[in-house]
Amino acid sequence: MHKILEFQAVVLAAGRGSRMPDVGGTVSKCLLPVGPYPVLWYSLNMLEKFGFQETMLVVLDEDKSNIINALEKCPLKIKYDLIVIPSEEDWGTANSLKHVSSKVNTDLIIVSGDLITNINLNDVLNLYRKHDAALATLFFNNGPEEWIELPGLKTKAKPDRDLVCIDKETERLVFLASASDFEENVTTPRLLIKKFNSISMYSRLLDAHVYVMKKWVVNYVVDTDKFTSVKGELIPHIVKKQLAKPKNQVERKGTSEKNVDITKDIFDYAVEQGYESKIRKMSAYNDHTLGSKGVYYNDTLRCYAHIPDKNTFGIRVNTLSALYLSNSKILSKWQEITGTELLERIHPNSEVSTKQIDENCTVGEKSCISEKTSLKSTFIGSNCTIENKVRLTNCILMNNVTVKEGCVLQDCILYTGVTVDVNCNLQYCIVGPHHVVSSSKKGNHQLFAEITDNMITLG
């Protein structure tokens, strides 16, 4: 396997899962189960598969021990340096980037800890290398989100959308903004249309939150101290700055009378260290057909976007629908996503007595499945107990769940520590952590969670 040495990797896994149902508040988003492993494993496995030997892993301090315990049970060779950020403070991803900045010595690849994909990561890295870019990004063009009926209360929440403009000829990412920033009309800079001749605008791309960037970008983030979010603030800022040119000292704000204490801007960081500019001038290469404009239009900052083939699988497990959809597809796409075969769907330390368990099920460590049960397309965590005469179809059971005799569950999610008492019949239900569903309960599209003083508790 080719070893990647020119980039350092950072996996951001400190998200609180704000788009998930509140009843899952005690479960870290990065530890939600997808197939036999937590979602975080898939991001780490992707880096390992493409030659990364180590990575920084940013986590909340309250999740540290749970993440260590979970990853110790997963097949991983990549070394991860756990970097803890405070749980009580509302840090954004740019704050996390500043926190790890002292460890960054090379160019950087940032990966979200909730990403599952079969992408060839080299396609993104090579796009960055080819054009000596300031930034390279990854978007998936999967079309409209696949509709599936979800468990829990029915909602009409609209997904967040980005407006993304990419120049077809050069793959330059030339415009990026949240669709919510515009009420009706979208206004783009006139210079953008004049400069790039074949712009495509997208509104249904999925931002993979994979960013390859120069080391100087990290220095810029630290010194300016004005960014909170990488995706929401830093990336759009760099993309927008492509259209600008460096200012001279007279034009700069912050210039004193004696021309000292000049406020730095991004172009002071984007300084080429070698012979790159001289080589470009000597070369016959041009990235666009209008050669008279100069290679790369003489831009100091260059941002690129890679959009793989529509058949590429890519999903971020940051919503209930994404969790549900990823579990429904993970086993059928296992080898192309992970690069390995899944040798053990049923953990060797579990006790599975039933023969009515299909090939789309997994069973975690020390779980006990009784003889007269039926399991179809169901994922069962560790230390679970499934009693006799139980039927589970399209369900997700997290750790330490007990389903008692005579229950029928279809399309349900049961969080950690749940007990479902005898003879329950639940369809499309979510059961919150440590909740006990009383015997003979029936439910359809319901949320069961502990209630205290009319409030849903998170654990």
LEU409 being within 25 Å of LYS333 (Cα to Cα) and of a type outside the set (Val, Ile, Thr): no
Kindly indicate whether any position in segment 403-418 is within 23 Å of LEU32 (Cα to Cα), at pLDDT 95 or above and hydroxyl-bearing (Ser, Thr, Tyr). no
Please specify each residue of segment 179-212 satisfying the condition of being hydroxyl-bearing (Ser, Thr, Tyr), open to solvent by 40 Å² or more (accessible area, probe 1.4 Å) and in a strand (DSSP E or B). TYR202
Mind telling me which of the residues PHE139, PHE182, PHE196, PHE175 ends up being modelled with pLDDT under 90 and in contact with a Leu (Cβ under 9 Å, 6 or more places away or on another chain)? PHE182
Note down all Cβ pairs under 6 Å where the first residue falls in segment 66-85 and is open to solvent by 80 Å² or more (accessible area, probe 1.4 Å), the second is modelled with pLDDT under 95 and not in a strand (DSSP E or B), and they're at least six residues apart or on different chains. none
For segment 98-142, give me each residue that is open to solvent by less than 30 Å² (accessible area, probe 1.4 Å) and assigned to a loop (DSSP other than H, G, I, E, B). VAL104, GLY113, ASP114, ILE119, ALA133, ALA134
Look through segment 396-412, keep the residues that are within 22 Å of CYS74 (Cβ to Cβ) and without any contact (Cβ under 8 Å) to a residue 60 or more places away in the chain, and return whichever of them is surrounded by the fewest Cβ atoms within 10 Å (Cβ to Cβ). ASN400
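The values are calculated or read from the model by the stated rules, or taken from the named source; none is laboratory data. Nothing here was measured: the structure is a model prediction, and the numbers come from that model. Here the Cβ is made from the backbone with ideal geometry for all residues, glycine too, and neighbour counts use every protein chain on show. In case anyone asks, the SASA skips ligands and DNA or RNA and just uses the protein heavy atoms, side chains included. Shrake-Rupley method; radii C 1.70, N 1.55, O 1.52, S 1.80 Å.
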